[in-house]
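What follows is a set of notes on a single structure, which appears directly below.
The values are calculated or read from the model by the stated rules, or taken from the named source; none is laboratory data. Everything numeric here is computed off the predicted structure, so don't read it as measured data. When we count neighbours, we look across all protein chains shown, and the Cβ atoms used for this are built from the backbone with ideal geometry, even at glycine. Ligands, DNA and RNA are stripped out before the accessible areas are found, and what is left, the full protein with its side chains, is counted by its heavy atoms. Shrake-Rupley method; radii C 1.70, N 1.55, O 1.52, S 1.80 Å.
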Amino acid sequence: MKASTFMLLLAVMLLPISHICVVAEDREQQVKKTYIIHMDKSQMPASFEDDHFQWYDSSLKSVSNSADMLYTYRTIIHGFSTRLTAEEAELLEKQPGILSVLPERKYELHTTRTPEFLGLGKSEALLPASDKVSEVIVGVVDTGVWPELKSYDDTGLAAVPTSWKGSCEVGTNFSSSSCNRKLIGARYFSKGYEAALGPIDEKTESKSPRDDDGHGTHTSSTAAGSAVRGASLFSYASGTARGMAPQARVATYKACWLGGCFGSDITAAMEKAVEDGVNVLSLSIGGSQSEYYRDTVAIGAFSAAAQGILVSCSAGNGGPDSGSLSNVAPWITTVGAGTLDRDFPAFVSLGNQKKYRGISLYRGTSLSSGLLPLVYARNASTSSNGALCSPESLIPAKVAGKIVVCDRGGTPRVQKSLVVKKAGGLGMILANTDSYGEELVADAYLLATAAVGQKAGDAIKSYIASGSNPTATIALGETELDVQPSPVVASFSSRGPNLITPEILKPDLIAPGVNILAGWTGAVGPTGLAEDKRRVTFNIISGTSMSCPHVSGLAALVMAAHPEWSPAAIKSALMTTSYTTYKTGETIKDIATGNPATPFDYGAGHVDPVAALDPGLVYDAAVEDYLSFLCALNYTTTQIKLTTHKDFTCDSSKKYSLRDLNYPSFAVPLETASGKGGGSRASTTVKYTRTLTNVGTPATYKVSVSSQTPSVKITVDPESLSFSQAYEKKTYTVTFVTSSSPSGTTSFGRLEWSDGKHTVGSPIAFSWV
C-alpha cells in the first residue's frame, strides 16, 4: 500500500475520534457553572443613575440572554453571582467595570463540661453582667437550627436589642414563631446549592432555616446556647449544658446543605449577617487555601471586621499534616482543637488475659460476659482494603456472631459499625492506624464498640495472627472526669505553617473540640446515618467545627465586658492570655506524636477566657493596618479592592513590611546559610515592630524572651514599657539574629511582657527556608 493511500485511510479512520473530541470540548464549553462577579462600582456608567442592579443586569445580558442573577451583593462586595459557560465567563471578564469573575468554590463543614474546664463555672463574679452579654448577637453560618431545643429557650431574656435589623424567614417546617428573644433571627440561602445540584428534595431536607444535619444546631448552641439541666447523650456527659455566652442572642444563617456549602450562598449569608447587625460571626467551614482576593470567607470576613464584627473560623481537620490550615487571613480568628478532661472509656478483654482501654458512646444491648470469637476484617472480606470495613465488604459467614476488628480510615467511623452489624457481627473494635496514633474520638456506634489507639490495635491484631481461636469481649464504662493530661492538641486539628503568608502564625489558638456535648437536630440520629432511627436532643461530636464556636462565644463575653474594643483587640486578649503549659510546667502535648506540641499546633496556646477579660495590654489593628499588610504582599489596586471592598492604592514612596503588621504572635521565616543567591551567609538579621495598647491600669511592663535554639539571638528594644493612662500606646522592636540552619528546620520561642499581675504572651515560630 502506498504511503499516501495509508495516510488517507488513517485520516478517515480518525475523523470520528476527532469529531468526538471536538464535541466533548464543545460540551465542556457549554456546561454552566456558578461564578461570583465582583464589580467596580466606581466605574458604573452615569446612565444607570446609581441603580447598580440595572447595571449588573445589563453587564450580564451583554454576554448571556438566558442567565439570571442568583444573588446580588452590596455590603461585603459589589456584584452578583450567576451561572455561565466558560466562554460567557471569559467574555464577561473583559467587560468594563468587572473586577473579577471567580468560579464558585465549594466549602466543607469542619466537623456540657466545657464551661467548667475553661474556668467559667468558678469565676462567675468576674464575668460581665448578663444584661451586657444579652446585647451581643452571635451570628452562625452553618446548616441551620432546630429551634424547639431548650438551648434556645428565651426565659429571662429582655427584649431583642434595638440594633437588630434581621428577620425570621419562613420556609418548610419553619414559621416566624420559631424565633424568639434567644433565637432572634434565622435565614436560609439555597440558590447556589440548587443551581449546582438541582432543586432541593424537600422530602429529605428543609428549604428553610431548619437544620436537617445537626452541625449548625451543635455549633450555635455551643457558642451561645441557654443553660439546659439534665443534658446528656444516652446518659454520657450528663449535667447542665450551656453555651459559652448563654445570655447572648443567636442568629443563624443556613448556607450549608446536605450536598455541601457553596461560595455564592456563603457570600450572601455573610452579607446578610453584616447588614442584620451581628457582633460576632462564627463559621465552622473551610476550603482549600488560596490568595485572599480569591477566598470567599476571607473577603466577607474583611468587610465584617471593618464594621466591628469579630469573625471566628475553624482551622480545619487536616491534621496532623503540616501546612494543612484553612481560614488563615490575619483579620480572622483561626481556631484549632484540643481535648477536654473528660473521657468515655470502653474496655477490650482478650482471651490471652490482656486488657486494653478504648473509648465509646454506644448505649444498647451489651455483649455477654463470656468471650466471643474475634476476627480481623482483612481476613473476612472480599475487598483488597477489607480491613477498613467498607460497605458490603465483609463476608457474613466469616463475621456472624463474632467481634470484628476494623481499621480506622477510609469511611466514617460509625458507618463501619453498621457494616459489621449488617454482616451479622456482634461487636467491633475500631483500631487506629499510624495516621491517627493514640487519638481517640467517641461516637454513638450502632453496636457494641470500643475504639482503641494504634498501640492497642496493633497488639490486638498480633494476638489474632498468633492464635488459632482468638476471642475477646467488650465492656463499656461510665463518664470519667479530671482526665489528665488535658488539654492535648487533637490529631485532626490542622497545623501550621501558614502556606499563604508564612509571616503570619496560624492557628491563632486552640479551644475544646473533642467529644463536645451540644444541641442536636431532631431530623437524624446521633450518627447522621439514614439507618440510625434513634433521636436525641444532645449529641457528642468532634472537630475544629466544635472549637470554633467555643471561641465565638468567648469573644462575645469579652465584647460584652469591653464593647469599645475592636475585633483585633478582642482576638489579642484571647491569644496573649492563652496558656501553653500544664500546671506541672510541662508543655501541652500533641496526641498525634505524644511529644510536646508547638505554636504550629496550638498557635498562642489554649484559650483562657477569664484571663482574657483582663489582658493588661493588647495588640490592636485597624483597617489601615490590614491595607498596609496587603501592600506588603504586593497586591495590586484591583486585588486590594477585591479583598477589602475598598478603593486603595499603595504609596509607592513607602516601604511596606509583613513584619510590621501588629499581630499578637511572631512567625519568622529565615533564609538558609546558602541564601537565595547561593552564596554563603554568616548570619541573618530581621526586625519586627509591634505596638501595645494599655487596657488596664497604669503599670510598667518588662520583657522576657526565650528560644529553643541557640542559633537565634533575640533582642527587644526597649526592654520595659511604662504606661500612665488607659489606651496609651507604646511601640517596641524585636531583632532576630540567626546563624545558619538547614532548610526545613523549625524552632520556637516565646516573648512575654509582664507587670507582675498580667502576662502578655506571644509565641515565636522560626522556619528556615
Original post:
Only one residue in Thr700, Thr745 is of a type outside the set (A, V, I, L, M) and more than 29 Å from Asp614 (Cα to Cα). Which one?
Top reply: Thr745
**OP:** Scan segment 78-97 and report the pairs whose first residue is within 16 Å of Ser42 (Cα to Cα) and whose second residue is small (Gly, Ala, Ser) and open to solvent by less than 40 Å² (accessible area, probe 1.4 Å), with Cβ atoms within less than 7 Å and a gap of 6+ or a chain change.
**Re:** Gln95/Ser59; Gly97/Ser59
Original post:
Which ones in segment 78-95 are of a type outside the set (Ser, Thr, Tyr) and touching a helix residue (DSSP H, G or I) at 6+ places or on another chain (Cβ under 6 Å)?
Top reply: His78, Phe80, Arg83, Ala86, Glu87, Gln95
**OP:** Could you list all residues from segment 284-297 that are under 27 Å from Val489 (Cα atoms), open to solvent by 10 Å² or more (accessible area, probe 1.4 Å) and either in contact with an Asp or Glu (Cβ under 9 Å, 6 or more places away or on another chain) or among the hydrophobic types (A, V, I, L, M, F, W, C) (or both)?
**Re:** Gly287, Gln289
**OP:** Tell me, yes or no, whether segment 323-336 has at least one residue that is surrounded by fewer than 23 Cβ atoms within 10 Å (Cβ to Cβ) and either of a type in the set (Gly, Ala, Ser) or in a loop (DSSP other than H, G, I, E, B) (or both).
**Re:** yes
Original post:
Among the residues of segment 512-529, which ones are open to solvent by less than 10 Å² (accessible area, probe 1.4 Å), small (Gly, Ala, Ser) and in contact with a Gly (Cβ under 8 Å, 6 or more places away or on another chain)?
Top reply: Gly513, Ala518, Gly519
Original post:
If you scan segment 52-93, which residues turn out to be of a type in the set (Phe, Trp, Tyr), in a helix (DSSP H, G or I) and buried (at least 20 other Cβ atoms within 10 Å of the Cβ)?
Top reply: Trp55, Tyr56
**OP:** Pull up segment 94-114, narrow it to residues that are more than 23 Å from Met39 (Cα to Cα) and part of a loop (DSSP other than H, G, I, E, B), then point me to the one that is modelled with the lowest pLDDT.
**Re:** Thr112
**OP:** Mind telling me which of the residues Gly308, Gly300, Gly277 ends up being touching a Ser or Thr at 6+ places or on another chain (Cβ under 9 Å), at pLDDT 95 or above and surrounded by 24 or more Cβ atoms within 10 Å (Cβ to Cβ)?
**Re:** Gly300
**OP:** At least 3 residues that are touching a helix residue (DSSP H, G or I) at 6+ places or on another chain (Cβ under 7 Å) in each: list the strands (runs of 3 or more DSSP E) lying fully within segment 664-769 that qualify.
**Re:** 684-694, 759-768
Original post:
What about Ser220, is it within 22 Å of the chain's Cα centre (by Cα), modelled with pLDDT of 95 or more and closer than 24 Å to Pro512 by Cα?
Top reply: yes
Subject >> Filter result (closer than 16 Å to Ser383 by Cα and among the small types (Gly, Ala, Ser)) within segment 401-426 >> reply: Gly409, Gly410, Ala423
Original post:
Just a yes or no: is a residue in segment 508-518 under 24 Å from Ser206 (Cβ atoms) and either in a loop (DSSP other than H, G, I, E, B) or not basic (Lys, Arg) (or both)?
Top reply: yes
**OP:** State yes or no: is Glu624 over 19 Å from Asp660 (Cα atoms), open to solvent by 10 Å² or more (accessible area, probe 1.4 Å) and not hydrophobic (A, V, I, L, M, F, W, C)?
**Re:** no
Subject >> Selection within segment 284-317 - under 23 Å from His562 (Cβ atoms) and aliphatic (A, V, I, L, M) >> reply: Ala301, Ala304, Ala305, Ala306, Ile309, Leu310, Val311
Original post:
Do any residues in segment 360-382 that are β-branched (Val, Ile, Thr) have Cβ atoms under 7 Å from those of residues that are open to solvent by 30 Å² or more (accessible area, probe 1.4 Å), where the two are at least six apart or on different chains, and which pairs are they?
Top reply: Val375/Lys398; Val375/Lys402; Thr382/Ile395
**OP:** Count, please, the residues in segment 445-461 that happen to be more than 28 Å from the chain's Cα centre (by Cα), more than 11 Å from Ile474 (Cα to Cα) and not hydrophobic (A, V, I, L, M, F, W, C).
**Re:** 4
**OP:** Among residues belonging to segment 177-209 that are open to solvent by 80 Å² or more (accessible area, probe 1.4 Å) and among the polar types (S, T, N, Q), point out the one that is nearest to Lys150 (Cα to Cα).
**Re:** Ser177
Original post:
Is at least one residue of segment 581-595 open to solvent by 20 Å² or more (accessible area, probe 1.4 Å), touching a Leu at 6+ places or on another chain (Cβ under 8 Å) and within 29 Å of Glu108 (Cβ to Cβ)?
Top reply: no
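Residue by residue, here is whether (1) within 23 Å of Ser435 (Cβ to Cβ); (2) of a type outside the set (A, V, I, L, M) holds:
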residue: Lys355; (1), (2): no, yes
residue: Ile359; (1), (2): yes, no
residue: Ser368; (1), (2): no, yes
residue: Leu371; (1), (2): no, no
residue: Leu388; (1), (2): yes, no
residue: Ser393; (1), (2): yes, yes
residue: Gly401; (1), (2): no, yes
Subject >> Residues that are in contact with a helix residue (DSSP H, G or I) (Cβ under 7 Å, 6 or more places away or on another chain) and loosely packed, with under 15 Cβ neighbours inside 10 Å, drawn from segment 647-657 >> reply: Asp647, Thr649
Original post:
Would segment 140-150 turn up any residue that is modelled with pLDDT of 95 or more, touching a strand residue (DSSP E or B) at 6+ places or on another chain (Cβ under 8 Å), basic (Lys, Arg) and assigned to a strand (DSSP E or B)?
Top reply: no
Original post:
For Arg229, all conditions in the list (1) surrounded by 24 or more Cβ atoms within 10 Å (Cβ to Cβ); (2) closer than 30 Å to Leu481 by Cβ hold save one; what is the number of the exception?
Top reply: (1)
Subject >> segment 486-511, residues that are among the aliphatic types (A, V, I, L, M) and either crowded, with 24+ Cβ neighbours inside 10 Å or closer than 15 Å to Thr580 by Cβ (or both) >> reply: Val488, Val489, Ala490, Leu505, Leu509, Ile510, Ala511
Subject >> Residue list for segment 537-582, filter: more than 20 Å from Ser284 (Cβ to Cβ), not in a helix (DSSP H, G or I) and not hydroxyl-bearing (Ser, Thr, Tyr) >> reply: His562, Pro563, Glu564, Trp565
Original post:
For segment 426-453, how many residues are within 24 Å of Tyr236 (Cβ to Cβ) and open to solvent by 30 Å² or more (accessible area, probe 1.4 Å)?
Top reply: 4
**OP:** From Ala560, Ala573, grab the single residue that is closer than 18 Å to Pro330 by Cα, in contact with a helix residue (DSSP H, G or I) (Cβ under 6 Å, 6 or more places away or on another chain) and open to solvent by less than 20 Å² (accessible area, probe 1.4 Å).
**Re:** Ala573
